[in-house]
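One structure is given below, encoded as structure tokens.
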Amino acid sequence: MLKRRDKNDIGRLKDAIVGASAIVVGAGAGLSTAAGFTYAGERFDRLFGDFAEKYGIRDMYSGGFYPFATPEEYWAWWSRHIWHNRYEPAPKDTYGKLLALLQGKDFFVLTTNVDHQFQLAGFPKERLFYMQGDLGLWQCSEPCHSATYDNYDVVRLMAQDQRDMRVPSELVPHCPRCGRPMAMNLRVDQTFVEDEGWHEAAERYAAYLDAHQRGRVLYLELGVGMNTPAIIKFPFWRRTLENGEATYACVNYGEPFAPAEIRDRSIVLDADIDVVFDQLLDR
């Protein structure tokens with residue numbers, strides 16, 4: 001594996017963006033972290049201090065798996081989580097900076113993030129594929145059918161009307177078809193619903209890849225770790241290897257690397273993504 005940072009890497013990355021005939025962006029949790037969506041520390045204590053004190057929860061990620069005793073408690077947690085991590089804009093304009101860098105380029109975004117920040121920043125929906133779901137959607141927990149449901153109105157009420165870490169019972173959502181509890185549309189197990197919109201986005205992404213198998217394609221990986229490498233990281237490596245004109249770029253604070261097989265066509269930056277975007281925009 002290659003793991004390094006050259007003093008010329010920012011310049012090389014800027015040249016790769018400018019010279020690319022197509023840019024495939026692969027975005028992981030590190031991109032949202034760079035934008036200020038931290039799941040632990042001061043932000044967690046400020047937003048979920050009461051949950052931490054009562055339930056011993058120490059970060060937003062693990063809180064999503066806590067076995068709450070009642071649906072009112074469960075939805076108090078999740079509505080607050082959704083509101084602050086989906087409907088509120090990111091603390092930093094990191095996604096807006098990325099859109100500025102891609103202005104005028106032919107690009108497509110594949111992301112494992114579920115916070116909708118690409119669209120909030122102005123990215124066109126038809127150039128996005130949210131592989132792992134969306135915090136703004138609910139589905140039947142069974143599921144008895146393959147539709148998803150926008151949750152903004154109910155989540156807003158839950159977030160503002162909850163008391164003592166409970167939502168009013170009348171706000172607890174149930175499937176409109178079978179009456180079972182609703183669940184988040186997140187890929188955590190085999191019940192994940194791939195609705196019509198998901199399949200349309202998957203088809204657009206596949207068509208984009210097929211149309212850009214050759215040429216100066218930049219595979220730009222941002223904040224992708226090793227939790228689900230088969231979604232973004234491994235395919236980006238393989239496609240770079242198969243296309244001799246392609247470039248692979250990895251920006252990841254603390255976890256940047258690339259295979260030796262594509263060493264000569266890789267740009268690896270161990271740095272804060274938001275800072276890197278500022279440096280690229282300054283050039």
### Query
Taking the condition over 26 Å from Tyr61 (Cα atoms), in contact (Cβ under 8 Å) with a residue 60 or more places away in the chain and of a type in the set (Lys, Arg), does Arg216 pass?
yes
### Query
Going through segment 218-239 one residue at a time, which ones are in a helix (DSSP H, G or I) and surrounded by fewer than 16 Cβ atoms within 10 Å (Cβ to Cβ)?
Phe234, Arg238
### Query
Is it the case that some residue within segment 201-217 is over 30 Å from Asn243 (Cβ atoms) and either buried (at least 20 other Cβ atoms within 10 Å of the Cβ) or in the same structural domain as Leu241 (by TED's automatic domain parsing) (or both)?
no
### Query
For Glu170, all conditions in the list (1) in a helix (DSSP H, G or I); (2) among the charged types (D, E, K, R); (3) under 28 Å from Tyr205 (Cα atoms) hold save one; what is the number of the exception?
(3)
### Task
Within segment 78-86, identify whether any single residue is free of Cβ contacts under 8 Å to residues at least 40 places away in the same chain, part of a helix (DSSP H, G or I) and not assigned by TED's automatic domain parsing to the domain that holds Ala201, and answer yes or no.
yes
### Message
Could you check segment 130-187 and list, in sequence order, the residues that are surrounded by fewer than 14 Cβ atoms within 10 Å (Cβ to Cβ), more than 20 Å from Gln119 (Cβ to Cβ) and of a type in the set (Ser, Thr, Tyr)?
### Response
Ser146, Ser169
### Message
One residue is enough: does segment 50-59 have a residue meeting the conditions in a helix (DSSP H, G or I), free of Cβ contacts under 8 Å to residues at least 60 places away in the same chain and closer than 21 Å to Tyr152 by Cβ?
### Response
no
### Query
Limited to segment 122-175, what total is found for residues that are in contact with a Cys (Cβ under 7 Å, 6 or more places away or on another chain) and within 29 Å of Tyr208 (Cβ to Cβ)?
0
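The values are calculated or read from the model by the stated rules, or taken from the named source; none is laboratory data. Owing to the predicted nature of the structure, the values given are computational and were not obtained by experimental measurement. Glycine also receives a Cβ, built like all others from the backbone with ideal geometry; neighbour counts cover every protein chain displayed.
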